[in-house]
Every structure is written in structure tokens, then in C-alpha cells.
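Student: Encoded as C-alpha cells, here's the structure I'll be asking about.
The values are calculated or read from the model by the stated rules, or taken from the named source; none is laboratory data. All values reported here derive from a predicted model rather than from experimental measurement. Note that each Cβ is placed from the backbone with ideal geometry, even for glycine, and that neighbours are counted across all protein chains shown.
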Amino acid sequence: MPTIDSHHHFWRYDPAEYAWIGDAMSLIRRDFLPGDLAPEIRTAGLDGVVSVAARQSLEETRALLDHARHHEFIRGVVGWAPLVEADIADTLAGLAADQKLRGVRHVLQGEPDDRFMLRADFNRGIAALRPLGLAYDLLIFERHLPTTIEFVDRHPEQIFVLDHLAKPRIKDDLLQPWANNLRELARRPNVYCKISGMVTEADFTRWTEAQLRPYFTVALEAFGPARLMFGSDWPVCLVACGYTRWHTLVRSWTQALSAAEQARIFGETAVEAYGL
């Protein structure tokens, strides 16, 4: 079974396209392409990755699929598609003709309406994913968890993957209400969760392992190793932590687990959830 980084991005940097990369993140205001990631995963001893869209455009999805065609270590792509459009089923079918497309995500955390995910047109788009074997990545803030539970319950057969533990308020050292809401979401067996994006929810320069570990512990208790997967969130993670450092830290958190449980977190869960 391969070892997998379930979450990273590629981009050719453009200030207008990536306006969310503010001054505090100036380190990543440059291009990040497969040739930059390959040595990182080799050093960490990983076999492959899942590339996740950083822009909401079909151009982005097609660019990621093109990268996957040319780089064997890219095992799958989570792209973007216009889920609210009436002809979304046809659009998805065209994209899914490329077997490297394994999922779709929308930047729900960026929508002005916190209940955007409950829109009828959006849910119609979600319903078009399962027949094509596509997962849906949930990119939300912790405040969205109650609404997300309502949303997920509308699609009990759809595979969902929660990005970045739903972005708990690590910088403020707040576990609640995130922990209780995460546990409730995890009761849905069709939801998986990525151990990713944690360092950038803390203070970029002052975070500590001791500060992060309680959030990992809650996620492990809630989902168990069978529904957790390692993700780097590279290159975003670089503003707070190098690739190898993050991989080593998550490895250290799992040392008390059995070899089989570690294998789930570092590869098997991603393979199962995305059908890699």
C-alpha cells in the first residue's frame, strides 16, 4: 500500500489570482510546481500525493489533471467544478473521464453566506458526485460544523473528506465548541478527516507541538485511524513549518498506534476515501 500526502497545492503565482496570500505569507508568493514537491516527498519517504485545487476554476482543475498525466507520483486530483450550475452533471462527467479526478471541493469557508452549503442548487450538484465515484472535500471553518452536519446528513451515501480538521481556533487555544461538534460530525461513517493545515491555524512563528497535539488527539478519538489521513497542505504550510518537519511531527503523534493503524493514516485511508 502506498504512503500518501492527501492534501497539497500547485500554482503559478499571480497576485490577483492569489490575493488571499497576504503579507504575512509572502514566503509563498512564488510558483510551486511538481518539480518543487517531488524532492519533498522523497525526503519524507512518501510514495504519492493528492493534488487539491487552490483556485475555483475549471482551468485549475484541468491544469491539475495535466500535471497528474505527466507525474506518476500525483495519484489523484481534487478539483473544482461549478456545482450550482444546472448542467453540472454533464460537466462532471466530462471531467471524470480522466480517472485521476477523484474528488471536488468548493471554498465554502469563503462564502459570505454560512449556509451556502444548504442551497438547493448546490445540493443538486453534490448529488451528481456519487454516481461518478467522486468524493467531496469540505473546506470550512469550525463555526460551520453544525451546518455541515445538517448538510452531510442530506447525503448519507456520499463520501466526504474534511480538510484541516475544520480549522479549529488553535491560535486562541480553544478546543470548544470545535471538539464536541467534530465528534458529532465523526459519527457519520461516510466522513473522513485530514490531519493537515494545523500550523497555519496557530501562530506562524510561535506554535508548539504541545499546543497542536490536543487537536490531533480529539480528531484521533473522533474518527479513529481508519478515517484519518495525513496531509501536508504544502506549500501553504511553509509559512509556519517545513514539509519534513510537519511529516515528522505527525509521525511522532502516531508512534503509540499499531503498524496497521499508522498505515491507515499514512496511506490506506486516502486510498480508500478517494479510490486511488
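Student: Somewhere in region 185-195, is a residue over 19 Å from VAL50 (Cβ atoms), in contact with a Ser or Thr (Cβ under 7 Å, 6 or more places away or on another chain) and either touching a residue at least 24 places away in the same chain (Cβ under 8 Å) or hydroxyl-bearing (Ser, Thr, Tyr) (or both)?
Tutor: yes
Student: Identify, from the list LEU238, LEU249, the residue that is more than 25 Å from LEU185 (Cβ to Cβ), assigned to a helix (DSSP H, G or I), modelled with pLDDT of 95 or more and not basic (Lys, Arg).
Tutor: When all the criteria are applied, what remains is LEU238.
Student: Further question on the same structure: Between LEU37, LEU27, which is within 20 Å of the chain's Cα centre (by Cα), more than 22 Å from LEU129 (Cα to Cα) and either in a strand (DSSP E or B) or in contact (Cβ under 8 Å) with a residue 60 or more places away in the chain (or both)?
Tutor: Being within 20 Å of the chain's Cα centre (by Cα), more than 22 Å from LEU129 (Cα to Cα) and either in a strand (DSSP E or B) or in contact (Cβ under 8 Å) with a residue 60 or more places away in the chain (or both) holds for just one of LEU37, LEU27, which is LEU37.
Student: For region 126-142, name all the residues that are outside any loop (DSSP other than H, G, I, E, B) and closer than 24 Å to PHE216 by Cα.
Tutor: ALA135, TYR136, ASP137, LEU138, GLU142
Student: Another one. Do you know which residues across region 240-274 are surrounded by 14 or more Cβ atoms within 10 Å (Cβ to Cβ), small (Gly, Ala, Ser) and within 30 Å of ARG130 (Cβ to Cβ)?
Tutor: Across region 240-274, the qualifying residues are ALA263, GLY267, ALA270, ALA273.
Student: Right, here's the next one. With respect to PHE223, is the statement that it is in contact (Cβ under 8 Å) with a residue 60 or more places away in the chain, closer than 20 Å to ALA186 by Cβ and of a type in the set (A, V, I, L, M, F, W, C) true?
Tutor: Judged against the criteria, PHE223 is not a match.
Student: Now a separate question. For region 154-180, what are the residues that are under 18 Å from ASP137 (Cβ atoms) and not in a loop (DSSP other than H, G, I, E, B)?
Tutor: Across region 154-180, the qualifying residues are PHE160, VAL161, LEU162, ASP163, HIS164, LEU165, ALA166.
Student: If I ask for residues that are out of contact with any Lys or Arg (no Cβ under 7 Å at 6 or more places or on another chain), part of a loop (DSSP other than H, G, I, E, B), without any contact (Cβ under 8 Å) to a residue 40 or more places away in the chain and surrounded by 15 or more Cβ atoms within 10 Å (Cβ to Cβ), which ones from region 58-81 would you list?
Tutor: HIS71, PHE73, listed by residue number.
Student: Given (1) farther than 24 Å from PRO177 by Cα; (2) of a type outside the set (Ser, Thr, Tyr); (3) surrounded by fewer than 19 Cβ atoms within 10 Å (Cβ to Cβ), identify the lone condition not met by GLU111.
Tutor: GLU111 satisfies all of (1) farther than 24 Å from PRO177 by Cα; (2) of a type outside the set (Ser, Thr, Tyr); (3) surrounded by fewer than 19 Cβ atoms within 10 Å (Cβ to Cβ) except (1).
Student: Same structure again: Being at pLDDT 95 or above, part of a helix (DSSP H, G or I) and touching a helix residue (DSSP H, G or I) at 6+ places or on another chain (Cβ under 7 Å): is that true of LEU145 here?
Tutor: In short, yes.
Student: On to the next question. Going through LYS194, LYS171, LYS167 one at a time, which residue ends up being charged (D, E, K, R), surrounded by fewer than 20 Cβ atoms within 10 Å (Cβ to Cβ) and touching an Asp or Glu at 6+ places or on another chain (Cβ under 7 Å)?
Tutor: It is LYS171.
Student: Given (1) part of a helix (DSSP H, G or I); (2) among the charged types (D, E, K, R); (3) touching a Lys or Arg at 6+ places or on another chain (Cβ under 9 Å), identify the lone condition not met by GLU268.
Tutor: Of (1) part of a helix (DSSP H, G or I); (2) among the charged types (D, E, K, R); (3) touching a Lys or Arg at 6+ places or on another chain (Cβ under 9 Å), only one is false for GLU268: (3).
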